[in-house]
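Q: There's a structure below that I have some questions on.
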Amino acid sequence: DAGITQSPRHKVTETGTPVTLRCHQTENHRYMYWYRQDPGHGLRLIHYSYGVKDTDKGEVSDGYSVSRSKTEDFLLTLESATSSQTSVYFCAINPEEGDSTEAFFGQGTRLTVV
Amino acid sequence: GENVEQHPSTLSVQEGDSAVIKCTYSDSASNYFPWYKQELGKGPQLIIDIRSNVGEKKDQRIAVTLNKTAKHFSLHITETQPEDSAVYFCAARPYNFNKFYFGSGTKLNVKP
């Protein structure tokens, strides 16, 4: 398995509280992504990063922010959690070097907002 | 942006039969099409991929075909086994954006 660790793996939080999910990689890959997975919607991109301090929005970025201060860490913050943000969150990494185009996924974080 | 549609959402086959999952994409700039398998409680894992300069690719019991003109690509699994039961996702990546756009997933159930 690619060296990706997501933490926490499970979290229950209350509506209105801030929440930060962490993605840590040991592969030194340039690109990192945050996706959310919901029934009937597949995987939808929230934000992605193409380098330290370089980030951009995905399809469903409202209510989320990200930061990448080091190559190995990509943080996803829910500024004020809502029930609609109950989901499974996946981090992915991609080297995008030469012919290497595969995206590797973490194990996921199940977030429940009550 | 890119829009990927995937069908069917669920597929049930008898062990030993073949399974076919189809996807369409909208952006002609997409040039890389991976397929991922997700087992319960795990993250998606790449099982096969194809680039736009190739029409078909095969790896043992799985194969992927691509029709660039029609903007659709398909996953074919032959001689299905119970361990093939999982959720399968197709994806597309435009050449000018290193972002992956996923289909909504197909839950494959292989009955022994």
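The values are calculated or read from the model by the stated rules, or taken from the named source; none is laboratory data. The model shown is predicted, which means the values in this text are computed figures rather than measured ones. Virtual Cβ from ideal backbone geometry, glycine too; neighbours counted across all protein chains shown. Only protein heavy atoms, including side chains, enter the accessible area calculation; ligands, DNA and RNA are left aside. Shrake-Rupley method; radii C 1.70, N 1.55, O 1.52, S 1.80 Å.
Q: If you check A:64, A:50, A:33, A:89, which single one turns out to be modelled with pLDDT of 95 or more and facing chain B (nearest Cβ under 9 Å)? Give the steps one after another, and end with the answer.
A: Numbers: A:64 fails: facing chain B (nearest Cβ under 9 Å); A:50 fails: modelled with pLDDT of 95 or more; A:89 fails: facing chain B (nearest Cβ under 9 Å).
Selected residue: A:33, the only one of A:64, A:50, A:33, A:89 that is modelled with pLDDT of 95 or more and facing chain B (nearest Cβ under 9 Å).
Q: Give the number of residues within the range A:77-114 that are outside any strand (DSSP E or B), in contact with a Gly (Cβ under 9 Å, 6 or more places away or on another chain) and open to solvent by 50 Å² or more (accessible area, probe 1.4 Å).
A: Quick first cut of the range A:77-114, residues outside any strand (DSSP E or B) only: A:79-86, A:95-96, A:98-99, A:101-103, A:106-108, A:114.
Next, only the ones that are in contact with a Gly (Cβ under 9 Å, 6 or more places away or on another chain) stay: A:79-82, A:84-85, A:106-108.
Pick out the ones that are also open to solvent by 50 Å² or more (accessible area, probe 1.4 Å) and you get A:79-80, A:82, A:84, A:107.
The number of residues fulfilling the criteria is 5.
Q: Continuing with the same structure: Go through (1) hydrophobic (A, V, I, L, M, F, W, C); (2) farther than 26 Å from residue A:40 by Cβ; (3) without any contact (Cβ under 8 Å) to a residue 40 or more places away in the chain one by one and return the number of the condition residue A:66 breaks.
A: Checking residue A:66 against (1) hydrophobic (A, V, I, L, M, F, W, C); (2) farther than 26 Å from residue A:40 by Cβ; (3) without any contact (Cβ under 8 Å) to a residue 40 or more places away in the chain, the one that fails is (2).
Q: Related question: Which is in contact (Cβ under 8 Å) with a residue 24 or more places away in the chain, surrounded by fewer than 15 Cβ atoms within 10 Å (Cβ to Cβ) and away from chain A (no Cβ under 13 Å), of B:17, B:59?
A: B:17
Q: Could you look through the range B:20-64, keep only residues that are part of a strand (DSSP E or B) and small (Gly, Ala, Ser), and pick out the one that is modelled with the lowest pLDDT? Let's see the steps before the verdict.
A: Of the residues in the range B:20-64, the ones part of a strand (DSSP E or B) are B:20-25, B:30-38, B:45-51, B:56-59, B:62-64.
Next cut, small (Gly, Ala, Ser) only: B:30, B:63.
Working: B:30: 92, B:63: 98.
That would be B:30.
Q: Can you pull out every residue in the range B:23-43 that is farther than 27 Å from residue A:9 by Cα and surrounded by 17 or more Cβ atoms within 10 Å (Cβ to Cβ)?
A: The answer is B:23, B:24, B:25, B:27, B:30, B:31, B:32, B:33.
Q: Follow-up question, since we're still on this one. Identify all residues within the range A:5-21 that are within 9 Å of residue A:109 (Cα to Cα) and in contact with a Leu (Cβ under 6 Å, 6 or more places away or on another chain); write none if there are none.
A: Within the range A:5-21, A:11, A:21 qualify.
Q: Restrict the check to the range B:81-97 and report whether at least one residue is modelled with pLDDT under 95 and of a type in the set (Phe, Trp, Tyr).
A: Yes, that holds for at least one residue.
Q: Can you give me the number of residues within the range B:62-84 that are over 13 Å from the mean Cα position of the chain (by Cα) and open to solvent by 40 Å² or more (accessible area, probe 1.4 Å)?
A: Number satisfying all stated conditions: 10.
Q: Scanning the range B:37-53 for residues that are under 11 Å from the mean Cα position of the chain (by Cα) and at the interface with another protein chain (Cβ under 8 Å from one of its Cβ atoms), which turns out farthest from residue A:107 (Cα to Cα)?
A: Among those residues, the one meeting the criterion is B:49.
Q: Checking the conditions here, which among B:73, B:100 is away from chain A (no Cβ under 14 Å) and among the aromatic types (Phe, Trp, Tyr)?
A: After applying the criteria, what remains is B:73.
Q: Could you tell me which residue of the range B:1-14 is most open to solvent (accessible area, probe 1.4 Å), considering only residues that are of a type outside the set (A, V, I, L, M) and within 24 Å of residue B:84 (Cβ to Cβ)?
A: Filtering first and then ranking leaves B:7.
Q: So, one more: Would you mind telling me which numbered condition in (1) under 29 Å from residue B:48 (Cα atoms); (2) in a loop (DSSP other than H, G, I, E, B); (3) not aliphatic (A, V, I, L, M) residue A:74 fails?
A: For residue A:74, the failing item is (2).
Q: Something else now. On the basis of being at positive phi and open to solvent by less than 20 Å² (accessible area, probe 1.4 Å), does residue A:63 make the cut?
A: No, not satisfied.
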